[in-house]
Ligand SMILES: Cc1cc2nc3c(=O)[nH]c(=O)nc-3n(C[C@H](O)[C@H](O)[C@H](O)COP(=O)(O)OP(=O)(O)OC[C@H]3O[C@@H](n4cnc5c(N)ncnc54)[C@H](O)[C@@H]3O)c2cc1C
């Protein structure tokens, strides 16, 4: 029997992606224009928008990118 929410969401769009992504753990001190908490669609969209404007952004994700609702969505 499946339990939900799963600790390891595996959305089809993630499994089909040719890109892989590994982010380093934050250690020591870091400085940025903005620090975003959460690597879901909201946080990553905000980070991308700021980065495109030349801003340095740090995204803090407690588990892994797409862990939350964004990794479980149907994409409709
Ligand atoms: C089963 C399901 C199906 C869905 N289907 C659709 C759909 O078809 N179409 C649609 O438009 N929407 C859909 N949604 C809704 C959509 O997925 C959400 O509205 C959207 O993904 C929310 O994105 P978010 O970035 O705000 O949150 P999330 O994706 O939940 O991201 C939040 C992130 O923050 C991290 N986090 C939390 N606390 C901390 C902390 N203290 N420090 C660091 N990181 C932290 C979490 O680990 C998580 O990765 C669906 C949702 C679900 C659950």
task: Enter the angle in degrees (range 0 to 90, nearest 10) between the Cα long axis of helix 41-52 and the first principal axis of the Cα atoms of the chain, meaning the one along which they spread out most.
output: 30
statement: By Cβ neighbour count within 10 Å, fewest first, 25, 56 rank 25, 56
- request: Give me 46, 20 ranked fewest to most by other Cβ atoms within 10 Å of their Cβ, as a rough exposure proxy.
  value: 20, 46
- request: Please find, in a Gaussian network model of the chain (springs between Cα atoms separated by less than 10 Å), the residue of 40, 66, 28 whose mean-square fluctuation is greatest.
  value: 28
In Å, descending, principal axis extents of the Cα set of the chain: 45, 28, 21
Average Cα contact separation per residue, segment 24-64, under 8 Å, 6 or more apart, as relative contact order %: 47
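Bear in mind these aren't lab numbers, they're just calculated from the coordinates by the rules spelled out. As the structure is a computational prediction, the values presented were derived from the model and not from experiment. Note: ideal-geometry Cβ built from the backbone for every residue, glycine included; neighbour counts use all protein chains shown.
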